[in-house]
Amino acid sequence: MGLKQNLHKLKEKYKGTKMAPAFNALHTFLYTPNETTHSGSHVRSADDLKRTMNTVIMALIPCLIFGIFNAGYQHYAAIDNTLRLDPLGNFFTWDNFILGAWTVLPLVIVSYGVGLGVEFIFAIIKKHEVEEGYLVTGMLVPLIVPIDIPLWMLAVAVIFGVIIGKEVFGGTGMNILNPALTIRAFLFFAYPTWMSGDKVWVHGAQAMAGQPDAISGETILGTLAANTHPAYSLWDMFWGFIPGSVGETSTFLIIIGGLFLIFTKIGSWRIMLSAVVGALVMGLIFNGVVDQGWIEDGSKFYGLMSEPFWHHLIIGSAAFAIVYMATDPVTASQTNKGKWIYGFLIGFMGIMIRVFNPAYPEGFMLSILLLNVFAPTIDHYVIQGNIKKRMKRIKVKTA
Amino acid sequence: MALLSKKDSRLILDPLADNNPITIQVLGICSALAITAQLKASIVMALSVMVVLAVGNVVISLLRNVIPGKIRIIAQLIIVAALVIIVDQVLKAFAYELSKQLSVFIGLIITNCIIMGRFEAFALANKPWRSFLDGIGNAAGYGLILIIVGFFRELLGSGTLLGFKVLGDPIAKTGLYALGYENNGFMLLSPMALIVIGIIIWVQRSRNKELIEEN
């Protein structure tokens, strides 16, 4: 008897009991359920919520694998600076992989274990089916936190994010805020010393602080905010051989993932494109301000403002946020026109917050959360505008 | 309760639970968000509001047949203002540090919706003794939420309770801190107070389904 039969038996056995949703979820997660809907008309499509989620996870896998190697690479390169002379040659090594896996996989396990645990508990209490909503969130979370974040902090944040960010609004599909970003925002405001600064982005930097061989792992944004020039070449930033949150350093792989999402029609190209345009426009405005000489080079904003506008897309989390966070179908605008506005404002405000908040140069988390809140309002006005336009058309015809 | 009739005791007990000024009527939220980072401040704030509300309710109730309807709001404001200034001065005289910490929020008791709400809704139409009980009850309901929020915010945000280091010393790394525990800075920010109140509202309404509002 196969696993499927066993699971089915278990499901039948627990039907109607408290634990029914748990077994049901396990069964449908691994196999297509063998019941079909009995009444009404239905569109038969393979494109269910589970497949949508799995596609996003597939798009994230390259980032995760790269993040694993990068975690090891940053650690060894911080100890032995000569490794940086040949990033590609020293990147895909077993040493990097083993250290990276040792530090990154626990983050993934905690994220999934705790998050799905909370989902299961809620499903059992509220007597509904376990929702797939956490599958993507659980993969996003480890990719957007610093490598050395203590696991219990991550667990606390995940519990908070899933309950306050999602369950109180009614679960998957009803949430206003992106749960992964809620988790990151919670971590950032609750434990700022673990989420920013130059000691958290490279494994081991915190433990070695103050010792003679201390590691400094400043991110590019941190360096620029301090008005100094980063030590990494543009290509390093593009390929991702730089310190940063686990999975968001490689712009190249994020572009690949983004193209994959657009190709499979899971992610909205409108949001991605308009967010990129928004970021570029804001970058151009800042460049213009610098060119006009309205800001002195001693100013604390100078470093970030004078950075060529298109660099903003390959440093920090801009690319990752635009491709994987802004396009979350639940929290984004639903109307096509709304998506353009929503995306543009995310890019625009993301860069603005990044530049004007030197204490926390990464603005995309905040700009997306802010726009998540405004997305329904944008949709409302787009729809009202449409209704008005059509009403006018009717009036013209009847008049 | 032999001391109070059943009707009177409801005046005190109702606001503590099913008619709580903060979680049910959603009044007085501002101060609940602003000063609950420390348990001590919450307690002092709760006591101050209790004094103002109880005494104010009695005064208004005594004057209820004298105050002309048209200018009653102004009359109420003068009475609250006088009481609040007395409380403020007493705090400044006997608990200066604390009054500095509560800063403008003692003065802002004047604008606390609960106070004007009780004056309007209860004291203007009831006898002094019942008004007094109503004041005590509502202030207690308000204070209860403040103290719960203050308890969690101070415990999780600073690791202390009333200034005592109950979770150990974060700098010397004793107690829980030796295990790697850290204070949750988010708890000290006002948004977290809103979330804590939200959780209280959630728990209360899921325990008593009758409180859930229709949309």
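The values are calculated or read from the model by the stated rules, or taken from the named source; none is laboratory data. Values in this document were obtained by computation on a predicted structure and should not be read as measured data. Don't worry about glycine lacking a Cβ; one is built from the backbone with ideal geometry, like all the others, and counts go over all protein chains shown.
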Inset, instruction - Could you check, for the stretch B:169-176, whether at least one of its residues is crowded, with 17+ Cβ neighbours inside 10 Å, within 14 Å of another protein chain (Cβ to nearest Cβ) and free of Cβ contacts under 8 Å to residues at least 24 places away in the same chain? - result: yes
Inset, instruction - Considering only residues that are β-branched (V, I, T) and away from chain B (no Cβ under 14 Å), look in the stretch A:126-157 and name the one that is surrounded by the fewest Cβ atoms within 10 Å (Cβ to Cβ). - result: A:V136
Inset, instruction - Test B:A139 against the stated conditions and say whether it is out of contact with any Ser or Thr (no Cβ under 8 Å at 6 or more places or on another chain), closer than 30 Å to B:L4 by Cβ and more than 14 Å from every other protein chain (Cβ to nearest Cβ). - result: yes
Inset, instruction - Scan the stretch B:147-162 and give yes if some residue there is within 11 Å of chain A (Cβ to nearest Cβ) and within 16 Å of A:Y191 (Cβ to Cβ), otherwise no. - result: yes
Inset, instruction - Just give me the residues in the stretch A:67-93 being among the hydrophobic types (A, V, I, L, M, F, W, C), in contact with a Phe, Trp or Tyr (Cβ under 9 Å, 6 or more places away or on another chain) and surrounded by 17 or more Cβ atoms within 10 Å (Cβ to Cβ), in sequence order. - result: A:I68, A:F69, A:A71, A:A77, A:L83, A:F91
Inset, instruction - Please tell me if A:A185 is buried (at least 19 other Cβ atoms within 10 Å of the Cβ), of a type in the set (G, A, S) and either within 14 Å of chain B (Cβ to nearest Cβ) or under 24 Å from A:F364 (Cα atoms) (or both). - result: yes
Legend entry - Of the criteria (1) more than 17 Å from A:M272 (Cα to Cα); (2) out of contact with any Lys or Arg (no Cβ under 8 Å at 6 or more places or on another chain), which one A:E362 fails: (2)
Legend entry - Among (1) at pLDDT below 80; (2) surrounded by 16 or more Cβ atoms within 10 Å (Cβ to Cβ); (3) closer than 25 Å to A:I65 by Cα; (4) away from chain B (no Cβ under 14 Å) - the single one A:D236 does not satisfy: (1)
Legend entry - Yes/no for A:T327 being of a type in the set (V, I, T) and surrounded by fewer than 21 Cβ atoms within 10 Å (Cβ to Cβ): no
Legend entry - Among the candidates A:A78, A:A101, A:A71, residue that is at pLDDT below 90, within 30 Å of A:V200 (Cα to Cα), among the small types (G, A, S) and within 19 Å of the chain's Cα centre (by Cα): A:A71
Inset, instruction - From (1) under 23 Å from B:L188 (Cβ atoms); (2) at pLDDT below 85; (3) crowded, with 18+ Cβ neighbours inside 10 Å, pick out the condition that doesn't hold for B:L98. - result: (3)
Inset, instruction - Test A:N96 against the criterion of being away from chain B (no Cβ under 14 Å), of a type outside the set (S, T, Y), buried (at least 20 other Cβ atoms within 10 Å of the Cβ) and out of contact with any Lys or Arg (no Cβ under 9 Å at 6 or more places or on another chain), and give yes or no. - result: yes
Inset, instruction - Find the residue count for the stretch B:185-215, including only residues that are under 20 Å from A:G165 (Cβ atoms) and either at the interface with another protein chain (Cβ under 9 Å from one of its Cβ atoms) or of a type in the set (S, T, N, Q) (or both). - result: 12
Legend entry - A:E119 within 28 Å of A:L371 (Cβ to Cβ) and either within 14 Å of chain B (Cβ to nearest Cβ) or more than 17 Å from the chain's Cα centre (by Cα) (or both): yes
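Quick grid of which residues meet (1) within 19 Å of B:G180 (Cα to Cα); (2) more than 19 Å from the chain's Cα centre (by Cα); (3) at pLDDT below 85:
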| site | (1), (2), (3) |
| --- | --- |
| A:V162 | no, no, no |
| A:G165 | no, no, no |
| A:G173 | no, no, yes |
| A:L177 | no, no, no |
| A:A180 | no, no, no |
| A:A185 | no, no, no |
| A:D198 | no, yes, yes |
| A:H203 | yes, yes, yes |
| A:M208 | yes, yes, yes |
Legend entry - Within the stretch B:101-121, tally of residues that are surrounded by fewer than 20 Cβ atoms within 10 Å (Cβ to Cβ) and either more than 23 Å from B:I67 (Cα to Cα) or in contact with a Lys or Arg (Cβ under 9 Å, 6 or more places away or on another chain) (or both): 7
